[in-house]
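The structure appears right after this line, and notes come after that.
The values are calculated or read from the model by the stated rules, or taken from the named source; none is laboratory data. The model shown is predicted, which means the values in this text are computed figures rather than measured ones. Cβ placement follows ideal geometry from the backbone for every residue including glycine, while neighbour counts extend to all protein chains displayed.
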Amino acid sequence: MATALVTGATVGIGESYTRLLAGKGFDLVLVARDKKRLQERAKALSSTYKVKVEILQADLSDEKQLARVVKRLANPKTPIDVLINNAGFGIKDSFLKSDIKAELQLIDVLARAPMQLMHAVLPQMLKRDLGVIVNVSSVASFIAGGTYSAAKSYLTVHTESLHTELSKTNINISALCPGFTRTEFHQRGKMKMTGLPNFMWLSADRVVADSWRAAIAGKAICIPGWQYKILSMVARFGPRPLIRNLGIKVRARQR
């Protein structure tokens with residue numbers, strides 16, 4: 001039986017991915033900070049889909065706790081076939097006013113942790129010449145919207161680089177770059193999003209379904225939603241002064 005490990009597995013895109021993968025028969029390793037929620041999700045998934053579910057409580061900004069997840073991924077006796085790097089959070093404050101501890105945690109969770117987790121799982125995947133990695137990035141990785149955008153840009157570019165390196169293998173790696181998605185992300189970041197038009201919101205299940213199809217098809221980047229395909233095209237090919245102003249406006253909307 002194949003096994004998938006999902007970080008940030010209890011809510012939003014991560015939770016949706018656990019249901020999609022369980023529905024496809026994958027056993028699961030759920031990683032998140034909240035032990036109670038982990039236990040609740042494990043019970044629901046094992047009961048509904050009749051798969052084995054393992055929980056691993058960890059804050060990925062903590063080096064020792066991250067090391068436990070690295071160890072699990074590197075274990076050759078119980079190999080991981082699918083890695084979903086989803087854990088993340090945002091900071092509503094400008095870098096000029098933000099807390100540096102929070103900024104460092106953001107870099108740890110959004111960039112450093114996925115890098116270490118991929119480095120841990122890839123040797124086993126290469127040995128079997130089989131595997132799937134999905135890095136949950138953001139359409140923000142194409143604009144200049146603070147350290148969140150910068151960290152997500154790192155993740156998107158790293159994924160693209162690895163996609164090229166792995167092109168002659170049976171390992172698929174894809175960056176999921178969604179726009180605004182209905183999850184707990186913005187509430188936890190205390191971001192006010194009431195001014196955003198309804199058509200700009202995507203559902204987590206739709207985002208995840210698109211992402212999985214893209215990953216299996218071998219696509220390096222998945223951008224769900226016509227509105228975000230247009231936005232990302234403008235961001236990637238438009239004049240940089242325009243893109244910088246776009247990033248400022250997006251951040252201003254979140255405060």
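A few notes on this one:
- Summed over the stretch 40-50, residues that are under 25 Å from Lys71 (Cβ atoms) and either touching a strand residue (DSSP E or B) at 6+ places or on another chain (Cβ under 7 Å) or not in a helix (DSSP H, G or I) (or both) total 4.
- Flag if Leu110 is outside any loop (DSSP other than H, G, I, E, B) and in contact with a Leu (Cβ under 9 Å, 6 or more places away or on another chain): yes
- Filtering the stretch 25-39 to residues that are touching a residue at least 24 places away in the same chain (Cβ under 8 Å) and not in a loop (DSSP other than H, G, I, E, B) leaves Asp27, Leu28, Val29, Leu30, Val31, Ala32, Arg37, Leu38.
- Residue in the stretch 49-65 that is over 16 Å from Asp108 (Cα atoms), aliphatic (A, V, I, L, M), surrounded by fewer than 24 Cβ atoms within 10 Å (Cβ to Cβ) and in contact with a Phe, Trp or Tyr (Cβ under 7 Å, 6 or more places away or on another chain) present: yes
- When residues of the stretch 114-144 are limited to those that are surrounded by 24 or more Cβ atoms within 10 Å (Cβ to Cβ) and part of a loop (DSSP other than H, G, I, E, B), the one modelled with the lowest pLDDT: Ile143
- Lone unmet requirement of (1) under 12 Å from the mean Cα position of the chain (by Cα); (2) within 16 Å of Gly218 (Cα to Cα) for Ser161: (1)
- Residues that are among the hydroxyl-bearing types (Ser, Thr, Tyr) and loosely packed, with under 15 Cβ neighbours inside 10 Å within the stretch 33-48 comprise Ser47, Thr48, listed in sequence order.
- Pairs linking a residue in the stretch 87-109 that is over 18 Å from Gly12 (Cα atoms) and touching a residue at least 12 places away in the same chain (Cβ under 8 Å) to a residue that is of a type in the set (Ser, Thr, Tyr) and in a loop (DSSP other than H, G, I, E, B), with Cβ atoms under 6 Å and 6 or more positions apart or on different chains, are Gln105/Ser61; Asp108/Ser61.
- The residue list Lys77, Lys97, Lys152 contains one member that is within 30 Å of Gly238 (Cβ to Cβ), among the basic types (Lys, Arg) and assigned to a loop (DSSP other than H, G, I, E, B), which is Lys97.
- Residues satisfying the stated conditions in the stretch 131-151, i.e. touching a residue at least 60 places away in the same chain (Cβ under 8 Å) and over 20 Å from Ala120 (Cα atoms): Val139, Ala140, Phe142, Ile143, Ala144, Gly145, Gly146, Ser149
One line per residue, one yes/no per condition, for (1) of a type outside the set (A, V, I, L, M, F, W, C); (2) at pLDDT 65 or above; (3) more than 17 Å from Ser138 (Cα to Cα):
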{"site": "Ala175", "(1), (2), (3)": "no, yes, no"}
{"site": "Met200", "(1), (2), (3)": "no, yes, no"}
{"site": "Ala204", "(1), (2), (3)": "no, yes, no"}
{"site": "Val207", "(1), (2), (3)": "no, yes, no"}
{"site": "Lys229", "(1), (2), (3)": "yes, yes, no"}
{"site": "Arg255", "(1), (2), (3)": "yes, no, yes"}
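- Exactly one residue out of Ala44, Ala22 is free of Cβ contacts under 8 Å to residues at least 12 places away in the same chain and not charged (D, E, K, R): that is Ala44.
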